[in-house]
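Visitor: Handing you this structure, nothing more for now.
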Amino acid sequence: MTQPTKSRRQKLEEFLAAHPSDAFAQYGLAIEYAKEDDHDATSAGNFETLLESHPDYVTGYFQFGQFLARIGRPGDARRTLTETGIAAAARTGDEHAQSEISAALAELPA
């Protein structure tokens, strides 16, 4: 009898449990929750945990901002992108991410 195949989310949850400081695993899990349209506190919480633990993980701010905009929280998206995302991109010298964040901000409703 074969074991059921684990989902990407399950694999990431297990990996993260074993490696709680792994930024990429935390980012991947946040993305998986967001893709599953899991809009409860779990999705946002995974992004928040990532960014609290890894404040220079610039891609996390960009994706979190896009997630917040997609679930109808444009004010929170704007704050995430402007107050922390652009600052992290500038701090790390990531001009490409800074440009992407600026473009995402321009697409948010006023």
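A quick yes/no check of all residues on (1) open to solvent by less than 50 Å² (accessible area, probe 1.4 Å); (2) outside any helix (DSSP H, G or I); (3) modelled with pLDDT under 95; (4) farther than 20 Å from residue 24 by Cα:
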| residue | (1), (2), (3), (4) |
| --- | --- |
| 39 | no, yes, yes, yes |
| 43 | yes, no, yes, no |
| 47 | yes, no, yes, no |
| 69 | yes, no, yes, yes |
| 77 | yes, no, no, yes |
| 83 | no, no, yes, yes |
| 88 | yes, no, no, no |
| 97 | yes, no, yes, no |
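Visitor: Here is a further query. Would you pick out the residues in region 49-67 that are surrounded by 17 or more Cβ atoms within 10 Å (Cβ to Cβ) and not in a helix (DSSP H, G or I)? Let's see the steps before the verdict.
Guide: Residues of region 49-67 surrounded by 17 or more Cβ atoms within 10 Å (Cβ to Cβ): 50-51, 54, 57-67.
Matches in region 49-67: 54, 57.
Visitor: Ok, one more. Out of the residues in region 18-37 meeting the condition of being of a type in the set (D, E, K, R) and assigned to a helix (DSSP H, G or I), tell me which one is surrounded by the fewest Cβ atoms within 10 Å (Cβ to Cβ).
Guide: My answer is 35.
Visitor: Considering only residues of region 1-17 that are among the hydrophobic types (A, V, I, L, M, F, W, C) and loosely packed, with under 13 Cβ neighbours inside 10 Å, which is farthest from the chain's Cα centre (by Cα)? Steps first, please.
Guide: Here is the first cut: in region 1-17, the ones among the hydrophobic types (A, V, I, L, M, F, W, C) are 1, 12, 15-17.
In the following step, the residues that additionally are loosely packed, with under 13 Cβ neighbours inside 10 Å were identified as 1, 17.
Working: 1: 38, 17: 18 Å.
Residue satisfying both the conditions and the ranking: 1.
The values are calculated or read from the model by the stated rules, or taken from the named source; none is laboratory data. All of these numbers come straight from a predicted model, not from anything done at the bench. For neighbour counting, all protein chains shown are included, and Cβ atoms are generated from backbone atoms with ideal geometry for every residue, glycine included. Surface areas here come from the heavy atoms of the whole protein model, side chains and all, with no ligands, DNA or RNA. Shrake-Rupley method; radii C 1.70, N 1.55, O 1.52, S 1.80 Å.
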